[in-house]
1. How far is B:Lys7 from itself in the other copies, in nm, if each label sits 7 Å out from Cα along the Cα-Cβ line, shortest first?
2. Rounded to the nearest percent, how much of the accessible area of the protein assembly as shown (1.4 Å probe, protein heavy atoms only) is carbon and sulfur?
3. Suppose you put the label 7 Å out from Cα in the Cβ direction; list, shortest first and in nm with one decimal, how far A:Lys178 is from each other copy's label.
4. Helix by helix through chain B, keep the DSSP H runs that span 27 Å or more along the axis on Cα and average at least -1.0 on Kyte-Doolittle, and give those back in order.
5. Enter the accessible area per residue of chain B (Å², integer; probe 1.4 Å; all protein chains in place).
6. Taking Cα pairs under 8 Å and at least six residues apart, what relative contact order does the range A:56-191 come out at, in percent?
7. Within the range B:152-175, name every residue whose backbone N is under 17 Å away from a label modeled 7 Å from Cα of B:Lys93 along the Cβ vector.
8. Over 29 Å between C-alpha atoms is what I'm after, so list which of B:Lys75/B:Lys125; A:Lys154/A:Lys182; A:Lys75/B:Lys93; A:Lys178/B:Lys9; B:Lys154/B:Lys179 land there.
There are 2 protein chains.
Amino acid sequence: MNVKHDKEKVVQIGLNLFCSKGYTNVGLDEICSATGMTKGAFYNAFESKENFLLETLARFDKSNTERINTVLAPKKGVKAVDQLFEFYSYMIKVQPKVNFMGCMVNNMMSELGAINENVAHVTSKGFENIINAVEPCVQRAQHEGDINPDYDSKEMATLLHSTFYGVLTRAKSLGSNKKGLKTMELLFTNLKTK
Amino acid sequence: MNVKHDKEKVVQIGLNLFCSKGYTNVGLDEICSATGMTKGAFYNAFESKENFLLETLARFDKSNTERINTVLAPKKGVKAVDQLFEFYSYMIKVQPKVNFMGCMVNNMMSELGAINENVAHVTSKGFENIINAVEPCVQRAQHEGDINPDYDSKEMATLLHSTFYGVLTRAKSLGSNKKGLKTMELLFTNLKTK
DNA sequence: CCAAACAGACTAATCGGTCTGTTTAAAATA
DNA sequence: TATTTTAAACAGACCGATTAGTCTGTTTGG
């Protein structure tokens, strides 16, 4: 792996494959040809296909959380609720350009959550990490009077993200993001203080 | 199929298998042993595995829509918003008892929506059918003053169901329905007229 | 010179699907 | 009603393709 292959890149390619086609629907031959590896190289670097998946999930978890923390960090002159809305809008808008890959946590929860304990564990944790990254921004929006402050900010973040996942899943079949955008807009409208 | 096997039952068993393990993760041998069929019997009754899936989806679509129509039909002395909440609560509460199967439309959208046109089509249609079944009850809740009447009832139904799907997916990994129940409650709280 | 990285042929198991019969139930004939 | 005919239902061995993973080398960099 040190010689010809960059583990970071290999994991990223696997992540993309798993997200767009699903874990079970991507074989090792496809992984190898997509990464330019041979089986020898792959199994020298990773214990198994499942272990490889867990590494891609770990990488997704890390970069995803960092990204959310960055995007939703307090920004002068920008309302927290607008940051939240922009974040989710962007994530939905970008789907057609990324082959409707959606979110790896959501995808793997759906495909393997009920039949693989390891995946169930890391995806549950991944979801929690996301919520913890979103929650501070929700809290600010509540302080700024744009989101109803009567409810727990973590629960509100969970509601936002759960709806977001439902929207992402539907977009896969629709091959479109328009309805999902409307749904997300409507949620935000209803969460605002009246 | 007429002699020894009841197609209705076979399709129902397949539906359960596909929902709890996913389409790709269920092989024909498993389908055959679960239904007590042989390959000869199976391929005499169904064109292919994919065709079998489409039949199970059609059956799910039909019975699911009928069920929603029944459960959400106007009921004297019961508020529409309570019917909606009870419906979604029940669907979430029952998950531990049904192996966290979730909803077939959601599951197949997630697993195959982006890679199989036929499945994408029927699941999109299935979602639409659900919304059309939920929408009248939302409309009544709006008339009764329990859901904000400022927004299109179909969009509101879509929001409800999208969140529901996000919750179902997460429940698979959590192996629990409690957090999902709270999320759904919170959504209802925020949709009520203030 | 040595251990890690890599190449890729190979394996056993499983995949969806086919094929050749055999059974069966009902229609046609007597 | 009894017998024959026929097509659908069924059984399950079998098929080529593919699966994840292994094993025996060979290359490579320190």
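The values are calculated or read from the model by the stated rules, or taken from the named source; none is laboratory data. Small disclaimer: the values here were computed from a predicted structure and weren't measured. All Cβ positions, even for glycine, are placed from backbone atoms using ideal geometry, and neighbour counts span all protein chains on display. SASA here: full protein model, heavy atoms, side chains in, ligands and nucleic acids out. Shrake-Rupley method; radii C 1.70, N 1.55, O 1.52, S 1.80 Å.
1. B:Lys7 label point versus its equivalents elsewhere: 5.5 nm.
2. 50
3. 4.3
4. Numbers: long enough: B:49-71 (32 Å, -0.73); B:117-143 (39 Å, -0.36); B:153-174 (31 Å, 0.11).
The qualifying helices are B:49-71, B:117-143, B:153-174.
5. Ligands and nucleic acids excluded, the figure is 45 Å² per residue.
6. 32
7. So the set is B:168.
8. The pairs that break the limit, which is 29 Å between Cα atoms, are A:Lys75/B:Lys93; A:Lys178/B:Lys9.
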